[in-house]
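Trainee: One structure, pasted below without further comment.
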Amino acid sequence: MDNGLWLSLAFYLLAATILGSAFLVVLLRNIVHSVLWLAVCFVSLAGLYLTLDADFLAAIQVLIYAGAVCIMVVFGIMLIQRADMKQTNLFNKQTKAAAGVVALVLAVTGYLSAVTQWGNAKTPVPKETVGSLAELMLTKYVIPFEVAAILLLVALVGAIIIAKEVKG
Amino acid sequence: MGENLFTGIAAWMRTALLDIGTPPLLSEFIVLLVKLLAVIIFVSLNVLWLVYMERKVCAYIQCRIGPNRVGPKGLLQTVADVLKLLGKEIIVPRRVDKIVYLAAPLLVFVPPMMAFAVIPWGNGMAPVEMNIGIFYVLAVASLSTLIFWMGGWSSYNKYSLVGGMRVVAQMVSYELPLVLALLGVVMLAGTLNINDIVNAQRQVWFVFAQPLAFLIYLTAGISEVNRVPFDLVEGESEIIAGPYTEYSGMAYAMYMLAEYANMMVVACMATIMFLGGWLAPFGWTFLPSWFWFFIKVYALIFLFMWIRWTYPRIRVDQLMGFGWKVLVPLSLANIFVTGVGMYVYRAIGW
């Protein structure tokens, strides 16, 4: 009953699910199936956060990505419904550009992971992460936080105004 | 009397497991598993009872008697109905998206069941204690939308598709005021932990401190579970049964039973956030805490049923207009007033 063994087992299972579902998102021809696998990918990513004791982040991941981003894609699909859904998520022939971008991404992430000093955290993860997150947001990262907050508020008020305008 | 009935059983089981030499971690795990299993069994049975209750309440409101033949007072009617539906064929129409079509009714019970894992059914009776309990419930509840839509889209039927579209539009629009209304309570309690929120209501229930938030939450909650007057999703006079149109047998029953499980989640959350959870009113502790919790939950469920059989359905454009033009601005105003009010309260040192 070694805790580390279970954690690494969970990690590999989750990693396999994430990679598998991400591949299916890209490879499936029917865009609806892609969205559903995208939701699976997001939820298993939340599971990965849970193994790192980041429960708040995991809840955010499920709420925002699986609960909202997937729904946005669903809205798009519903508005452009086609008779034949089998050919909605097609490949194109721009393999050279794609290969270049993929190589660049791999090089950058490979370089970054090579130069990062990997090490174990000295102290255990605090039990209550929400409070410390809030403190950081309102001290060190107050400007990005306020900008994002104002942006979201403007979007919300804008939605209300658009809804009112349609009637008149 | 009976206050420690369930916590006592859990404690007894833990010591019994430790006595026969089970390692502490494993026995803790077994106790947790039993707790979750108990909740799942309770919720499933409770859903059957709720269907019966709905039919009885509806019957009395319409001056009828309701089911009264199967079992004493008709109590076994729903059991008989479910057995009948189990025996029926699940028809899969020709051009449906087979896997998605059959997966949706299986998955539809997952979000409410996951939400029940953190509900404190009594003093110290939450199966899983979580620091961010409220947030967790909101997160798993937001997954329901996608599952209803899966059923609506995969059916390859115009009514189902329109129903699926309505599910997405309605649930997304009403999730916003629902979350914003709960935010007022979280601001007052200063925590996302469900137990701490209940304990913060020892002096005064939040329904009195946040009356507007309570009304917004109830309205948005009724809409989230797609019940009259917000049951546009399955408005039978327009789109037959919405996303469930093509389903038959047990697959259809799963959707119907899940609706009641979702209603239970909304009622439990309203009880915890606004009605003091398992706290006894006026210090009437002669009834155990879990009993008070159920009284409050069932009172709210009865209110939902009462509303359902009293009001007509609203139009789809009224639904969206009401959500965006009334509920969202009101809930934003509620947060603003709560924030200012907390500072004024502190400034005058009352």
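Trainee: List the trypsin sites (Lys or Arg not before Pro) within segment B:53-119 that fall in a DSSP loop (any state other than H, G, I, E or B) and whose Cβ has at most 15 other Cβ atoms within 10 Å.
Mentor: B:64, B:69, B:88, B:94, B:95
Trainee: In deg cm²/dmol and to the nearest 500, what is the mean residue ellipticity at 222 nm of chain B if only DSSP H runs of at least 4 residues count, each as -39500 (n - 2.57), divided by the residue total?
Mentor: Working: 16 runs with 232 residues, N = 350.
One gets -21500 deg cm²/dmol as the mean residue ellipticity at 222 nm.
Trainee: Another one. Report the dimensions of segment B:168-261 along its three principal axes from the alpha-carbon atoms, largest first, rounded to Å.
Mentor: For segment B:168-261, the Cα extents along the three principal axes come out at 50, 24, 18 Å.
Trainee: For the cross-link pairs B:56/B:158; B:56/B:296; B:35/B:56, which exceed 27 Å when the distance is taken from alpha carbon to alpha carbon?
Mentor: B:56/B:158; B:35/B:56
Trainee: Could you sort B:63, A:41 by accessible area so the largest value comes first, with the probe set to 1.4 Å?
Mentor: In descending accessible area the options line up as B:63, A:41.
Trainee: Within a 10 angstrom radius of each residue's Cβ in B:131-140, how many Cβ atoms of other chains show up on average? Whole number is fine.
Mentor: Mean shielding by partner chains, rounded to a whole number: 5.
Trainee: Tell me the total accessible area that B and A bury against each other, 1.4 angstrom probe, in square angstrom rounded to 100.
Mentor: What B and A bury together is about 2900 Å².
Trainee: Normalised radius of gyration for chain B, please: alpha carbon Rg relative to 2.2 N^0.38 Å, two decimal places.
Mentor: With N residues counted in chain B, Rg over 2.2 N^0.38 Å equals 1.05.
Trainee: A further question follows. Above 14 Å lies some portion of the pair distances; for segment A:126-168, what is it as a whole percent of all C-alpha pairs?
Mentor: 63
Trainee: Among B:15, B:271, B:145, which one moves the most in a GNM of chain B with springs linking Cα atoms closer than 10 Å?
Mentor: Of the options given, B:15 has the highest mean-square fluctuation.
Trainee: Now for a separate question. Give me the extension gain from residue B:306 to residue B:202: residue separation times 0.36 nm, minus the current Cα-Cα distance, reported in nm with one decimal. Can you show the working numbers first?
Mentor: On the way: separation 104, 0.36 × 104 = 37.44 nm, distance 2.92 nm.
Full extension from residue B:306 to residue B:202 adds 34.5 nm.
Trainee: Roughly how many whole Å is it from the C-alpha centroid of segment B:1-54 to that of segment A:123-165?
Mentor: Result: 39 Å between the Cα centres.
Trainee: Here's something else I'd like to know. Say each of residue A:5 and residue B:5 gets a label point 7 Å from the Cα, pointing the same way as Cα to Cβ; how far apart are those two points in nm?
Mentor: A separation of 4.1 nm, rounded to one decimal place.
Trainee: Kindly state, to the nearest 0.05, the FRET efficiency for residue B:248 paired with residue B:158, given R0 = 25 Å and r defined as their beta-carbon distance. Mind showing how you got there, number by number?
Mentor: Details: r = 18 Å, r/R0 = 0.72.
Efficiency at R0 = 25 Å is approximately 0.90.
Trainee: How big is D for the protein assembly as shown, in µm² s⁻¹ as a whole number, if Stokes-Einstein is applied with the Kirkwood radius of its Cα pairs at 20 °C and 1.002 mPa s? Please list the in-between numbers first.
Mentor: Details: Rh = 25.5 Å.
Answer from the Stokes-Einstein relation: 84 µm²/s.
Trainee: Across peptide B:145-158, what mean number of C-beta atoms from other chains lies inside 10 Å of a residue's C-beta?
Mentor: Counting other chains' Cβ atoms within 10 Å and averaging over B:145-158 gives 3.
The values are calculated or read from the model by the stated rules, or taken from the named source; none is laboratory data. Computed from a predicted structure; not experimentally measured. Because the Cβ atoms are built from the backbone with ideal geometry, glycine has one as well, and the counts that use them run over all protein chains shown. Heads up: the accessible areas ignore ligands, DNA and RNA and are worked out on the full protein's heavy atoms, side chains in. Shrake-Rupley method; radii C 1.70, N 1.55, O 1.52, S 1.80 Å.
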